[in-house]
Amino acid sequence: RDRQRFVAGQRHDLRLGEITPRRFAYVLWLALGNRVWRLLRGRGFFPITGEQKKTLGAELNLQPGELVEIKSPAEIEATLDAQGRNRGLSFEPEMAQHCGRRYRVATPVRTIIAEKNGKMVELSNTVILEGLVCQGICAMNCPRANYFYWRENWLKRV
C-alpha cells in the first residue's frame, strides 16, 4: 500500500491519529529500552547529571535574536547537581541532542507557572531558543510541544 499521499505537490504522511506508525515504533522502542535500563541500572538511559552540591548561574544577558551555541554535554554536566538540575531547573534528556548546535534566542524567560503546585516561579538567566520544543521522546510521547528552558550557562555566544 502507498504510505504517502500527495496533495498539491507536497508529500504528507498517512497518520494513525496524531502519530505516524514510524514515530509510534520509535517511541515504543525508547520507552521499552528505557524501562529495561531503569530496572537494571536504577535510572533512565538518558540521564545527564552532575556532581555539584550547589549549582551556580552565569549571566550572559542574552537578548532576542542573538546567536548562541549550546555547550557540550560534558560542559553542561559540570553545571548540574545529582538530579540533573541547575538552580532547580532540569536539563531534560531530549535537550542533549541539540548540544553543539547553534540557535537564535527567541526570548528571555522571567516567570513560569510550576505545574506541580500552580505557583508563579521567577527565573533569571534563562531563555527560550527559536524552534526548540519538546518532541515527547523521553516523556511517553507527550504531544504538548513545550518550550525548553535554557540556562544561560548552558549556552555560549557566537
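Normalise the Debye intensity by I(0) for the stretch 44-106, one equal point scatterer per Cα, no solvent, then take log10 at q = 0.15, 0.20 Å⁻¹ and round to two decimals. Each listed q maps to, in turn, -0.49, -0.83. Ligands, DNA and RNA aside, residue 107 has an accessible area near 60 Å² when probed at 1.4 Å. Each pair of Cα atoms in the stretch 73-158 enters the Kirkwood radius, and Stokes-Einstein at 25 °C and 0.890 mPa s then converts it into a translational diffusion coefficient of 178 µm²/s. Heavy-atom accessible area, probed at 1.4 angstrom with all protein chains present, ranks 105, 158 as 158, 105, highest first. Amide H contacts of residue 78 (H built 1.01 Å from N, in plane; Pro and chain starts excluded): no residue 5 or more places away or on another chain comes under 5 Å. The largest accessible area among 156, 53, 71, 119 belongs to the first residue in 53, 119, 156, 71, and the rest follow in falling order (1.4 Å probe, all chains). Simple spin-label estimate for residue 97 and residue 122 gives 3.6 nm between the two label positions (7 Å along the Cα-to-Cβ direction from each Cα).
The values are calculated or read from the model by the stated rules, or taken from the named source; none is laboratory data. Since this is a predicted model, take the numbers as computed values, not measurements. Here the Cβ is made from the backbone with ideal geometry for all residues, glycine too, and neighbour counts use every protein chain on show. Each accessible area value is taken on the protein alone, full model and side chains, heavy atoms only, with ligands, DNA and RNA left out. Shrake-Rupley method; radii C 1.70, N 1.55, O 1.52, S 1.80 Å.
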